[in-house]
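Student: First the structure, then my questions, so here it is.
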Amino acid sequence: MATPELKVLSITFAVFNERNFVRTNAGPFPGFTCKNSMIENKSAGARILITSSGAGQVGLFGYSAYSGSKFALRGLAECLNFELPSNNIYLTMAYPPNTDTPGFELENLDKPEETRKCEEEGGLYKPEEIAKGMITSIEMGRFSCYWGLEGWMLATLTCGMGPVDNMLDFL
């Protein structure tokens, strides 16, 4: 009986650390600092933006560390969304899709083929589109910030008990 061929992604710890640790694990710390400072300074009506990813709403092949840590940001955002309104501080959670940035180009260098196939239909957004969507969501007081039909479906159909602040998301 033949031994099945195994695909192994070869990456050194240094490269993993450089590409993944900072971008996936350092994110919550500024949020906690910001939250505490806003409460102490009584920043009434302030809004915190936490940026996750479309890949933070579902598990994505080849992205176990990235998807998992981005999904954890959603949990953090949902908790803060319950804790902060009593201080008149609100939260927006952004789930940007693939965005045409140097980081995305770097990511594509060693992206598994299975992941590329999963991402094909989602398209590639310009950073300006993402920034505009984030600003609009903050100005409208939205909890979830997403792009396109796929983004809406991921934000809505994977919401669990996430906050709903408009009729479209409720339906």
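Student: Taking 0.36 nm per intervening residue step and subtracting the Cα-Cα distance, what contour gain separates Phe170 from Thr136 on full extension?
Tutor: Working: separation 34, 0.36 × 34 = 12.24 nm, distance 1.95 nm.
Length gained between Phe170 and Thr136: 10.3 nm.
Student: While we're here: Over the heavy atoms of Tyr63, what accessible area does a 1.4 Å probe trace out, to the nearest 10 Å²?
Tutor: Spelled out: Tyr63, probe radius 1.4 Å, area about 20 Å².
Student: Would you mind telling me the share, in percent, of accessible area of segment 68-112 contributed by carbon and sulfur at probe 1.4 angstrom? It would help to have the intermediate numbers written out before the result.
Tutor: Numbers: 1220 of 2010 Å².
Percent of accessible area from carbon and sulfur atoms in segment 68-112: 61.
The values are calculated or read from the model by the stated rules, or taken from the named source; none is laboratory data. It should be emphasised that the depicted structure is a prediction, and the values quoted were computed from it without experimental measurement. Each accessible area value is taken on the protein alone, full model and side chains, heavy atoms only, with ligands, DNA and RNA left out. Shrake-Rupley method; radii C 1.70, N 1.55, O 1.52, S 1.80 Å.
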